[in-house]
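The numbers here are math on the coordinates, done by the rules we state, and not lab data. Since we're looking at a predicted model, the values are computed, not measured. Cβ sites come from the backbone with ideal geometry, for glycine too, and all protein chains shown count toward neighbours.
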Amino acid sequence: MFHILLAVADGERHGYAIMQEVESRTDGEVQLPPGTLYRTIKLLLQAELIERSGPERDPLEHDTRRVNYRITRSGRKLAALEASRLAKIVALARAKKLIPDLA
Amino acid sequence: MDDIRPNRVVAMIARLYGWLLIFYPASFRRAFGMEMSEVFANRCWTAHSEGGVKKLIRVAASGLFDLFATASAERVEMIAARRPTIRTRAEAFALDASYAMRTLVKRPGFALMVLITLTLAIGGTTAIFSVMDAALLRPLPFRDPDRLVTLWELLPQGASFGAMAGIGVAPLNYIDWKAQNQVFSQMALVGAAAPNFRYDEGSEQLTAERVSDEFLTLLGIEPSAGRAFKRDDFNPAAPPVAIVSHEFWQRRLAGSASALGRTLRLDNQVVTVVGVMPSDLNLPSLWGRSNDRPDLWIPIRLTNDELASRRHYAFRPLARLKPGVTLQQADAEMAVIARRLAAQYPGTNTGMGIGIVPLKDQLFQDLRPGLLLLLGATSFVLLIACVNVANLLLVRTAARRREIALRAALGATRGSIVRQLMTESLILALGGGVCGLLVARWTIPVVIALIPQDSLMPRLAQVGLDFRVLLFTLAVSALTSILFGLIPALEAAKCDVNDALKEGGRSGGEGRRSHRLANGLVVAEVSLALVLSVGAGVLVQSFRRLDHVNPGFSSARLLTLEVPIPAYKFKTEGSRVAVYVEMLRRVKEVPGVVSASLATLFPDAYIQDCVVEGRTIESRSKIPQVAFRAISSELFETLRMPIHRGRGLNERDTNEKPRVAVISERMARRLWPGEEAIGRRFRPESEPKWFSVVGVVGDIQRKTTDQTLPEYYVPYTQVGPWQVMNLIVRTETDPLPMAPFIRNAVYAYDQDIAIREIKTVDQALDQEAWRHKLSALLMGGFAGVALLLAAAGIYGVMSYSVTQRTGEMGLRLALGARPRDVRRMIIAKGLRLALAGVAIGLIVALTLARFLSAYLYAFRSGESDRLALARQIDQHSALLYGISATDPITLAAVSAVLIAVALLACYLPARRATALDPLASLRSE
């Protein structure tokens, strides 16, 4: 979920691009097949962490225009919160010498 | 080539993915389906271009797997999300229910009235249903029972009177049928036997069935203990064996396991018990006395006698239809076989047909019309009750208009108001259902008590309240609540808030509409009650006529006993006559016995074809059928039947003398119309010797609706005494207590004579009428309830509408109308409704009577539908005797009663209204 949020953090992306972004950023460690991807997108949309942009698609017409997703303000806030929480945990781990200090 | 194929494969996989999206809930699919397909397709393309087919397969597989996983997750979530709405609905229902309870409790009189009405109706319906369920609806306890049939020989067209179209089957014919047909997968032969069972303290005549070796497998039954018959058991030289019924095992073999292998002395044979049938078999005898349950089954070993003639109509074949073969196909095939046999054996088989009767019909046909009629009657009562309650509710919702309008004004939707009112109806109906079940519990034993034990009512013991009946009652209650609740509820919900809240809700448009509705309900109620009462009236009269039938002899203080003479002991005719003569002598000496005589059957009789001397037979179909009894000479004296002309029979009519017969008036009229019968000669079609008519006696009339046949009587000494004769004894006092003395007298003479079927002649006659008695009593009861309900309903509606118009009447009175005129106006309105109801009811009754006429009257066969008739062979008695279903007197009387009830129902409230002070009634608003 966090990955998807990050993927749309720096601009709007459509579904396939989100998937590609996540896979390439994680070196293929996180795979996002379409089912998982869109279930997550659904949850994020419901929580209003991301929103649709671009044209509304008519489900009956075979409309091929792509739907883009972008992060909302609360989404950004939540991502920041989560990132800083993770950063704190990483810092803690680093202090315990579990991982090498890169800085 | 290499480029194209992967393209097509990817496109195919993508399309497959698109189809599989159907697994997602629709909302999810609509939102993301198209994007998902795109993403999936893109992924596949990329995978293929990056890593070839291997990677494509991996990605596609993971995509599909993911689809199923997430789709089920979505579905689960959706169901989880839905559950709260179920909960809220349940809460809403609980709320409605508690509100409904409070409103009902507030008006206990109303609730009680509705409850009583529904209890009576639902209780009656449940009771009748449970009897019917046990009797007709539950499948027979055999394997695939719907494919089981029995076969009959059909007499030539037109040769049959009433119910005697079909007869038993001759073994020779059976063998040919079995060999030639392609429609039955299995066939078995059943014959009757009545062996005399000697035990230490006495003897008893048993009901046995001789069965062929397919019998058990055909029915799919097995002994619960011991073994089934083996092929060897059917070998004439093998030691005789028997399978006994569970009941016999309990009664005579102490129910012990050691009974297996024990020997029984049956007639002069020693028979080994090899098996015991299951206790729940409850299979009535398939041939032989139709209302007996066999005590034991023995392997059939056809004797040379039985194989000598194609006229030995003494067996009943059972058969199982092959899968997919219809009754019609079987009929057609058997008709071909019958024609073939007729060509081959013209002497015996000319004109004979083959009848196929489903086993179920053969066993239950008899009961079906009566029970269906009763179920129809209870449904009518139920309908009337519904109309009644609907009426009451309508009146009440009218009174609650303000409350309902207030709720609507406060934001209740029409749906929620209907739901609220329907909840009330449902609670009332369920209450009625529960009380109805209690009523049924008490009614069922009464109904069962009305059915004689030895009637062919199957599985009588199983009648009771069980799960199926509970389910039925629940369904009926629910249906009822809809029937009586929906119209008033919808009516109430239509109410206009503004109008209703304004000024006490004087009846405006809705008022008129609900008046119309109430009027319609009154009309419906009157017509339903009329139909039911006409039915009951006709049935009760029919039964009364049947019950008061003059039997043609003095039936009081007469006892009949069945006396079988063991054939193994008395082989010659002469020795049998001697036994009967000596037995009669001894019975007459018993103190208290006025007179005693013998008859082959009484009050029943055997039936045969009859040939009149000097008259050529134009066609077999013209041969008259007559009933006959071989009797001892004292019979007419014992029965006190007057000899109308000529002489009776006497001791001098022995075997050496020319054969003589005494015939009934009906036979004299039918065979020799307008001529003197005495001195004429006739003979049974199957025998060469003539009987001379020496006397004419009165007719015997039995209490059945079957057509009465002409009868004749011959000396038993001249036709060779039957193995089983009936002893008919006239006593000085109450006959039943005399039975043991008579039995002792016979027993003292010969211990191997096992007397059975002891009853008074009145009992025997009544027994034939039990079905009519049952129908008449129950229908009468239902009609009574229906009349009461209808009266209450009419009164309720009338008094309500009169009350509604109190103001108007006050106005009229104040303006100078005379109270008499106002009353007349109201009564005229009620009368109009009642007349409309009566008219509709009469039309319905007449239509129904026509529709049901096949069941109502003794059935007559058209020449064309002989096979349809074969289906009902011997099982069908009419419901009505001596009266038409459209009897004008009954119709008029019932109509008059209902109109009178309606008039009374209007008169009372009208008098009340006009008795009021005009000012007071004006102010009543």
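What the table below lists for this structure:
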| read-out | value |
| --- | --- |
| Estimated distance in nm for a label pair at B:Ala73 and B:Ala828, the labels positioned 7 Å out from Cα along Cα-to-Cβ | 8.1 |
| Cα centroid of the stretch B:656-707 to Cα centroid of the stretch B:726-768, whole Å | 28 |
| Segment B:Arg339-B:Tyr99, extension gain: residue separation times 0.36 nm, minus the distance between their alpha carbons | 78.9 nm |
| Exposure proxy order (Cβ contacts within 10 Å, fewest to most) of B:Ile417, A:Ile89 | A:Ile89, B:Ile417 |
| Convex hull volume per residue for the stretch B:704-788, taking Cα atoms only, in Å³ | 177 |
| Given charges at beta-carbon only (K, R positive; D, E negative), |dipole| of the protein assembly as shown in Debye | 3200 |
| Projected label distance in nm at B:Ala817 and B:Arg262, using a 7 Å step from Cα toward the beta-carbon | 8.7 |
| Sorted by Cβ neighbour density within 10 Å, fewest at the top, the residues B:Trp19, B:Trp672, B:Trp297 | B:Trp19, B:Trp672, B:Trp297 |
| Filter on B:Lys657/B:Lys703; B:Lys230/B:Lys571; B:Lys360/B:Lys773; A:Lys77/B:Lys55; B:Lys588/B:Lys759 - keep pairs with C-alpha separation over 27 Å | B:Lys657/B:Lys703; B:Lys230/B:Lys571; A:Lys77/B:Lys55 |
| Rg/Rh ratio calculated on Cα atoms of the stretch B:295-367 (Kirkwood radius) | 1.02 |
| Paramagnetic label zone (point 7 Å from Cα along Cα-to-C-beta, B:Ser686; backbone N under 17 Å) in the stretch B:723-753 | B:723-725 |
| The stretch B:24-72: radius of gyration and largest Cα-Cα distance (Dmax), Å | 11.9, 35 |
| Convex hull per residue volume in Å³, alpha carbons only, for the protein assembly as shown | 322 |
| Angle between chain A longest axis and helix A:73-95 axis [Cα atoms, degrees, rounded to 10] | 30 |
| Against the rule of thumb 2.2 N^0.38 Å, how large the Cα Rg of the stretch B:549-621 comes out | 1.59 |
| Ascending count of other beta-carbon atoms within 10 Å, so fewest first, for A:Lys77, B:Lys773 | A:Lys77, B:Lys773 |
| Using alpha-carbon coordinates, inclination of helix A:15-25 to the longest axis of chain A, degrees | 20 |
| Cα→Cβ-extended label distance, 7 Å offset, between B:Glu403 and B:Arg227, nm | 7.7 |
| Square roots of 5 times each gyration tensor eigenvalue, C-alpha, the stretch B:718-860, largest first, Å | 66, 20, 11 |
| Efficiency of FRET from Cβ geometry, B:Glu91 and A:Glu29, R₀ 56 Å, rounded to 0.05 | 0.70 |
| Alpha-carbon Rg with Dmax, taken over the stretch B:507-610, Å | 30.3, 96 |
| Environment charge at B:Ile243 (Cβ cut-off 11 Å; Lys +1, Arg +1, Asp -1, Glu -1) | -3 |
| Reachable lysines, given that their alpha-carbon falls under 18 Å from the alpha-carbon of B:Lys178 and they are not under 8 places away in the same chain | B:Lys322 |
| Difference of contour (0.36 nm per residue) and Cα-Cα distance, B:Phe741 to B:Thr217 | 184.1 nm |
| Diffusion constant of chain A at 4 °C, which comes from Stokes-Einstein with the Kirkwood Cα-pair radius and 1.567 mPa s, µm²/s | 85 |
